[in-house]
Structure formats: C-alpha cells, structure tokens
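Provided herewith is a single structure, encoded as structure tokens, for subsequent inquiry.
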Amino acid sequence: MYLNTPPRSTIRLTRRGRMALIAAGAVVAGTAVAVPLLVMGEEEAARPTSLVIPEGWRAGQVYTAVDKALALPSGTTKKSLDKLDLKLPNDADGNPEGYLFPATYPLEKNGKRATPDSLLSAMVDTANQKFSGAPIAAGAQRNAMNVYQAVTIASIVQAEAATKADMAKVARVIFNRLERGMPLQMDSTVNYALKRSTLRTTEADTRIESPYNSYQRMGLPPTPIGSPGDEAMHAAISPAAGDWLYFVTVKAGDTRFTSDYTEHQRNVAEFNARQKKASPKPTG
C-alpha cells in the first residue's frame, strides 16, 4: 500500500494558518457575533441577536460559542447532546461533527430566546438541507462515495486550502492519494486529534495513536474534522483535474501543487526557510 510513497519523516503536504486566527479571536459585528463577549448583567437590548458560525469550525468551538452567546455555564451545550435527537446520517453514529453548518443563526425567534437544543438542531437541519439535495448526492455517487464521506473530504479541504481557489486542487490531491493507496498525510487531521491548530507538525506528532492520524492510518478519518462551507463541499464532489499528490503553501497566495516528490521537497525547503526567517529570535 505504501509503494512509491516517500518516507513519512520527509513528507510535508500542508498547510495554512487561518484556523489559528479564528480560534484565538473574538469578532463582534453589529449584533451578530462569532464568539460573543457579553458581561453578565448587561441590558437586555445589548444582548446579541445572532450567532455566526464560521466555516471550518470544529464541533467543540461551536459548543463553546453557543454557551457564550446564551450566557450559559461552560460545557452546557456539549452536555445537551445526550438528550438531543439530531437528524444525523447513520455513519455519524450520533456525532454532529461536520453537520453544524456554518451560517448565521438567530438567538431570538417569535419572542423566545434560543436554547442549545434549538441552535444545534437548526445547524444540523441546515446541513441536511445543503447536503441532501440531488447535486451533492449525485456528485458523491459520481466519485464513488456516499454523502458522509463527501462531507469528510470537504472538511479536510476546508482546513487545508489556503484560498477558495485552491479548494478543488486540494480535493484532487485527496482523491489521487486515496486512489493510489497512499496515506493522506494531512496535518489538519493530526491537529484535530491533538485539539489544536498549527502550521508546524513534528515527526513525533505524526506518530500519535489516533484514528485521525492520517500519517499512520489509511483512508479517510472516521468523521469530518470541522464544518465545511458550500465552496469546500462543491470542491469535494467536483475536484479539479490534475495528477497532483503534494502541496504546500510557501507564502500567502503561493500554494504549490505537484506530482513530483523532488519538486515538492524543494517547495517544502523554501517554506521551512521562510518560517525560520520569520520566527522571532530568542533574547537572552
């Protein structure tokens, strides 16, 4: 299965750093908030009226955002999963990862305040509306996969692509590797296993024991690794034409795709050199 696959210790396929910005910051835009920063006791009128879920967010980030938006104790939304009857595909086995669709959700409706139950149900219902239509189902079937697998691929594309223009190419790399019996070796899946977002994946990271370690495990991870948006989903069912097996974002706006491992090594060396140069020097 690993024929023609270079040693794991030398492969670097990825990646971009957008996720760290989203995870670290709180964005307030009018009354719609990504991670609301409310002070307990504020006037009712100052409460946010909408919750924005960005593309690529993991389920854990969504749970935290819902807790903050509704001024609930930390962990409340996650605990509510046990009593919910979310309309998830059988393959999800009750895990809503990938099906908490990125969109703007109202926190007030018909004079009633939203609850964790109503918000999560709305997100899953929106995902089902997006994913269950004929275009997605037909596109998944055309690529010999089911819709849940397409959502999983889309979630990796969402995490890995530096720009929307790169998404279809990233999807093609995933398909090419799967078709050749090669491990995906995507840093984003390792980051998911380690509950972090980073540009740097070490040799030790690639040896962790996890079903999400796509350096060690063949095929797709067992679930999506985040919530893909429309563009990533489209890329997953309509990948670009190409023979690429490797890619690396050398600098902003410069993601290089290639089928030649030697060329990829040169691109990675340039990426590493730029990272080293950009890193702050230690002070004594």
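Do we have any residue at all in the stretch 245-263 that's in a loop (DSSP other than H, G, I, E, B), touching a helix residue (DSSP H, G or I) at 6+ places or on another chain (Cβ under 7 Å) and within 15 Å of residue 185 (Cβ to Cβ)?
yes
Restricting to the stretch 46-65, and then to whatever is in contact with a Ser or Thr (Cβ under 7 Å, 6 or more places away or on another chain) and at pLDDT below 95, can you tell me which residue is farthest from residue 105 (Cα to Cα)?
Residue satisfying both the conditions and the ranking: 48.
Sticking with this structure for a sec: Could you say which residue among 198, 255 is outside the structural domain of residue 58 (by the TED database), surrounded by 14 or more Cβ atoms within 10 Å (Cβ to Cβ) and at pLDDT below 95?
Every option except 198 fails the conditions.
Residues 72, 107: which one is farther than 29 Å from residue 146 by Cβ and either touching a residue at least 60 places away in the same chain (Cβ under 8 Å) or touching a His at 6+ places or on another chain (Cβ under 7 Å) (or both)?
107
Among the residues of the stretch 268-282, is any among the small types (Gly, Ala, Ser) and closer than 25 Å to residue 58 by Cβ?
No: zero hits.
Of the residues 273, 232, only one is open to solvent by less than 70 Å² (accessible area, probe 1.4 Å), among the small types (Gly, Ala, Ser), assigned to a helix (DSSP H, G or I) and within 25 Å of residue 182 (Cα to Cα); which?
Result of the check over 273, 232: 232.
The values are calculated or read from the model by the stated rules, or taken from the named source; none is laboratory data. All values derive from a computational prediction rather than experimental measurement. With ideal geometry, Cβ positions are generated from the backbone for all residues, glycine too; neighbour counts draw on all protein chains shown. The area values use the complete protein model at the heavy-atom level, side chains included, leaving out ligands, DNA and RNA. Shrake-Rupley method; radii C 1.70, N 1.55, O 1.52, S 1.80 Å.
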